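No value in this document is a laboratory result; all are computed from the given coordinates. For clarity, every value in this text was computed on a predicted model and none was experimentally measured. Glycine gets a Cβ as well: all are built from the backbone with ideal geometry, and neighbour counts include every protein chain shown.
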Amino acid sequence: MKIAITTGAGSGIGRSAAQHLAGDGWTVVAAGRRVAPLHETIASLAGGDRGHLAVPTDVADAADVEALFAAAISEFGRVDLLFNNAGVGAPPVPFDELSVDDWQQVVDINLTGSFLCARAAFAQMKKQDPTGGRIINNGSISAQTPRPNSAPYTATKHAIAGLTKSISLDGRNFDIACGQLDIGNAGTEMVERMTTGIPQADGSIKAEATMDVEETGRAVAYMASLPLDANVLTMTVMANRMPLVGRG
C-alpha cells in the first residue's frame, strides 16, 4: 500500500492530484481547512470512502500538521508521498499599500505551512521501514516570474524553490526525493478571472489562456510514479498560450 498526503485537497489542483494518485493505486490522505469539500474529494476517488482518509487541517498551524501526520501514521503506518499544495494569495494592491497582515497570512500558509508539512513528512520517511519517500512542492510559475502586485505570493514561491532544493539535498542519504511542480493557469476557481482580463506587466489588461486542471493532477501522478533513485527536481506545466517566456 502506498500512502499519499495531499494538502489543499478540497478543490482544484489538490483534488485533481488526489484523484490521479488514487487512480494509480495510491491511498490518499486528503487535508484542507474545509471539511465538506474534503469529503467530496474522498467520495470522488477510486475506491471512494474505502481506504482513503480526510483530515481537516490548517497547514499554518503546527499542532494541526502534527495531528495530520499522526492520523495518517495511526491509520496506515507510513507516509510515502506528500504533495505540498495548500496556498493562498494576497489582494493585488500596489506594493506600498500591502498590509502586514495580508503579507503574513501568505507567508504563514504558503511558506511556513509547506515547511511544517515537509518537516513532518521528512521525519516520518527517515525513520519508517523501509525508509524513504517523496515530497512534491507546488511552486507555481510565480517561483520563476512575478505578476504585477504579487509580492507576497511571488516571494513565498521563490522561497519554495530554495526549500525544494534543500530538502532534495538533505534527503539523499535517506531515499527521500523532493521535487517542485510549477503550474501556470490551471483552470480552477482561482484563475477564472484570467479569462476575462488581468493586469499585465505593460499596464494593459488582457485575457489569458488556461488549461484543464486535470493536467496538474496528471503531472503530480507522474512525478509520484518514479522510483526513489530518480527525481523530477522541477517541472513546469502551463497553458501553452499563456504569456510566459515571451509568448502570449
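When the test is whether a residue is surrounded by fewer than 17 Cβ atoms within 10 Å (Cβ to Cβ), touching a residue at least 24 places away in the same chain (Cβ under 8 Å) and under 21 Å from residue 170 (Cβ atoms), residue 131 passes it. Filter region 193-248 down to the residues that are hydroxyl-bearing (Ser, Thr, Tyr), under 15 Å from residue 16 (Cβ atoms) and surrounded by 16 or more Cβ atoms within 10 Å (Cβ to Cβ) and list them by number. Answer for region 193-248, where residues must be hydroxyl-bearing (Ser, Thr, Tyr), under 15 Å from residue 16 (Cβ atoms) and surrounded by 16 or more Cβ atoms within 10 Å (Cβ to Cβ): 210, 216. Looking across region 89-109 at every residue that is in contact (Cβ under 8 Å) with a residue 60 or more places away in the chain and under 19 Å from residue 205 (Cβ atoms), the one that is nearest to the chain's Cα centre (by Cα) is identified as 89. Checked against (1) in contact (Cβ under 8 Å) with a residue 12 or more places away in the chain; (2) closer than 21 Å to residue 1 by Cα, residue 74 passes all but a single condition, namely (1). Residues in region 47-80 that are small (Gly, Ala, Ser), in a loop (DSSP other than H, G, I, E, B) and under 20 Å from the mean Cα position of the chain (by Cα): 1 in all.
With respect to the conditions (1) of a type outside the set (Asp, Glu); (2) farther than 20 Å from residue 178 by Cα; (3) over 16 Å from the mean Cα position of the chain (by Cα); (4) crowded, with 20+ Cβ neighbours inside 10 Å, residue 32 lacks only one, and its number is (3). Summed over region 162-186, the residues that are touching a residue at least 24 places away in the same chain (Cβ under 8 Å) and either within 15 Å of the chain's Cα centre (by Cα) or in a helix (DSSP H, G or I) (or both) give a count of 16.
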